[in-house]
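Colleague: Shown below is the structure under consideration.
The values are calculated or read from the model by the stated rules, or taken from the named source; none is laboratory data. On a predicted model such as this, the values are computed, not experimentally measured, just so you know. Cβ sites come from the backbone with ideal geometry, for glycine too, and all protein chains shown count toward neighbours. Just the protein is used for accessible areas: all its heavy atoms, side chains included, with ligands, DNA and RNA removed. Shrake-Rupley method; radii C 1.70, N 1.55, O 1.52, S 1.80 Å.
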Amino acid sequence: MKEASEQLADLLGHPYHPQQVQAVLQPLGVKRMPKPNSYFNDDIIWSAKASIRLDIYLPAKLRELTGREYEDPEAWRIGAVHFLAPGADDRIKAPYAAPLPGGLTMATAPELAIQTYGTPQLDEDCEWPGFDGRILAWRKPGLNLVIEYEAGESGYAMRSYTACLIGCIGAWRRDHPAIFAP
């Protein structure tokens with residue numbers, strides 16, 4: 001059976017059904033997932049208990065970002081899944097507890113992520129207000145992966161692992177179009 005993280009990544013591009021996501025996350029103690037309540041074409045769904053964030057979109061917005069056609073213009077679709085650790089957002093108090101896709105964990109070092117997924121299309125050391133770290137990104141057929149590592153005294157600590165449909169929905173889309181453009 002697939003890990004919860006792999007099941008969630010498999011839902012990318014599919015309609016968002018709160019009960020379906022809650023069933024996947026039930027072993028992590030998640031008893032409820034909220035429904036979308038945005039008036040815009042996108043929304044963010046949080047589960048602080050599981051340390052995940054889902055970016056969901058109406059098909060028109062997702063089509064604009066991915067170039068793909070989607071049926072049912074009223075069905076919210078999952079565009080990105082973020083597995084988080086403290087520091088990724090102030091809501092997150094504990095790292096995502098279950099294994100990540102590829103058998104990684106939130107304690108995986110950058111070198112093991114590269115060994116698991118191969119040479120990344122993007123490998124940058126970054127420093128901006130509130131963040132000093134390293135970003136690794138891979139573009140796979142129909143899937144992008146981005147792992148953020150925060151620099152610390154004892155090396156790098158994973159801050160987030162994101163599986164998304166396109167450029168992790170805007171991240172570096174304009175800065176690195178060869179990697180993240182549709």
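Colleague: Name, by its number, the condition in (1) closer than 30 Å to E69 by Cβ; (2) at pLDDT below 95; (3) in a strand (DSSP E or B) that does not hold for I135.
Modeller: Just one mismatch for I135, condition (1).
Colleague: Just a yes or no: is a residue in segment 60-83 farther than 19 Å from L143 by Cα, surrounded by 13 or more Cβ atoms within 10 Å (Cβ to Cβ) and in contact with a helix residue (DSSP H, G or I) (Cβ under 8 Å, 6 or more places away or on another chain)?
Modeller: Scanning segment 60-83 turns up at least one residue that is farther than 19 Å from L143 by Cα, surrounded by 13 or more Cβ atoms within 10 Å (Cβ to Cβ) and in contact with a helix residue (DSSP H, G or I) (Cβ under 8 Å, 6 or more places away or on another chain).
Conditions (1) among the small types (G, A, S); (2) touching a Lys or Arg at 6+ places or on another chain (Cβ under 7 Å); (3) in a helix (DSSP H, G or I), marked per residue:
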site	(1), (2), (3)
L8	no, no, yes
L12	no, no, no
Q20	no, no, yes
F40	no, no, no
Y70	no, yes, no
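Colleague: With the requirement that a residue be in contact with a Lys or Arg (Cβ under 9 Å, 6 or more places away or on another chain) and without any contact (Cβ under 8 Å) to a residue 40 or more places away in the chain, what does segment 121-140 give you?
Modeller: D123, E124, D125, C126, F131, G133
Colleague: Which of the residues that make up segment 141-163 are in contact (Cβ under 8 Å) with a residue 12 or more places away in the chain and farther than 27 Å from L8 by Cα?
Modeller: If the condition is that a residue be in contact (Cβ under 8 Å) with a residue 12 or more places away in the chain and farther than 27 Å from L8 by Cα, then A151, G155 are the ones that fit.
Colleague: Identify, please: which residue in segment 118-159 is of a type in the set (G, A, S) and open to solvent by 10 Å² or more (accessible area, probe 1.4 Å) and is, among those, nearest to the chain's Cα centre (by Cα)?
Modeller: Checking each candidate, the answer is G142.
Colleague: Output the residues belonging to segment 43-87 that are on the phi > 0 side of the Ramachandran plot and either over 14 Å from the mean Cα position of the chain (by Cα) or at pLDDT below 95 (or both).
Modeller: Matches in segment 43-87: G67, D72, G87.
Colleague: Something else about it: How many residues are loosely packed, with under 15 Cβ neighbours inside 10 Å and either over 20 Å from T162 (Cβ atoms) or aliphatic (A, V, I, L, M) (or both) when one looks only at segment 1-19?
Modeller: Looking only at that region, the number is 2.
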